[in-house]
Amino acid sequence: MPNGLITSLSYISTARASLADADFQAILTEANERNDTLGLTGLLAFNGLNFMQILEGSRLSVNECIDLIEADRRHHGMIIFDRREIKQREFPDWQMAGIVVEKNGQNGKVNLDQILSGEGVRPETRKHFESFQSFGTPAQ
Ligand SMILES: Cc1cc2nc3c(=O)[nH]c(=O)nc-3n(C[C@H](O)[C@H](O)[C@H](O)COP(=O)(O)O)c2cc1C
């Protein structure tokens with residue numbers, strides 16, 4: 001994909017009540033399959049209440065996929081808070097990295113830190129996901 005032609009879109013949404021970890025894993029499986037076909041990459045985090053996702057790829061693919069995602073009954077209230085053209089992907093190695101983050105949860109934090117430590121990840125992106133984690137439900 002030529003430089004300058006990558007669209008990056010970020011949103012938050014509210015998960016359907018009673019969404020379980022198994023549902024989250026099912027979402028990730030679907031996401032990885034379709035994203036592979038569409039050439040999309042990104043990061044999806046679930047904090048027990050909300051989702052935060054970054055999707056990156058061609059404008060056409062991002063638009064196509066976000067329409068499908070928005071119509072998905074497993075969440076609602078999508079708010080797109082950032083949409084930009086970027087020169088290089090922030091998550092080139094992930095068809096869709098997925099993590100359950102828990103407030104003060106060590107496991108989630110370690111994984112999140114690892115994913116966010118990628119070379120191309122912007123400081124703003126790190127801040128968004130770190131604050132998102134702090135809004136989550138406390139670790140059991
Ligand atoms: C929070 C959330 C994030 C999702 N992210 C993706 C994604 O990145 N890529 C994808 O292909 N599907 C993703 N999905 C799943 C699609 O919404 C789902 O596969 C699609 O709506 C099913 O459409 P179909 O029934 O027409 O196959 C996501 C779903 C949710 C709830």
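The values are calculated or read from the model by the stated rules, or taken from the named source; none is laboratory data. Keep in mind that this is a model prediction, so the values were computed, not measured. Neighbour counts are summed over all protein chains in view; Cβ atoms, including those assigned to glycine, are modelled from backbone coordinates with ideal geometry.
So the values come out like this:
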quantity	calculated
Scope region 25-43; condition surrounded by 20 or more Cβ atoms within 10 Å (Cβ to Cβ) and not β-branched (Val, Ile, Thr); matching residues	31, 35, 40, 42, 43
Hits in region 41-95 - residues which are assigned to a strand (DSSP E or B), near the ligand (Cβ under 9 Å from one of its atoms) and either acidic (Asp, Glu) or on the phi > 0 side of the Ramachandran plot (or both)	42
Every residue from region 45-96 that is over 14 Å from residue 9 (Cα atoms), exposed (fewer than 13 other Cβ atoms within 10 Å of the Cβ) and at pLDDT below 95	49, 93
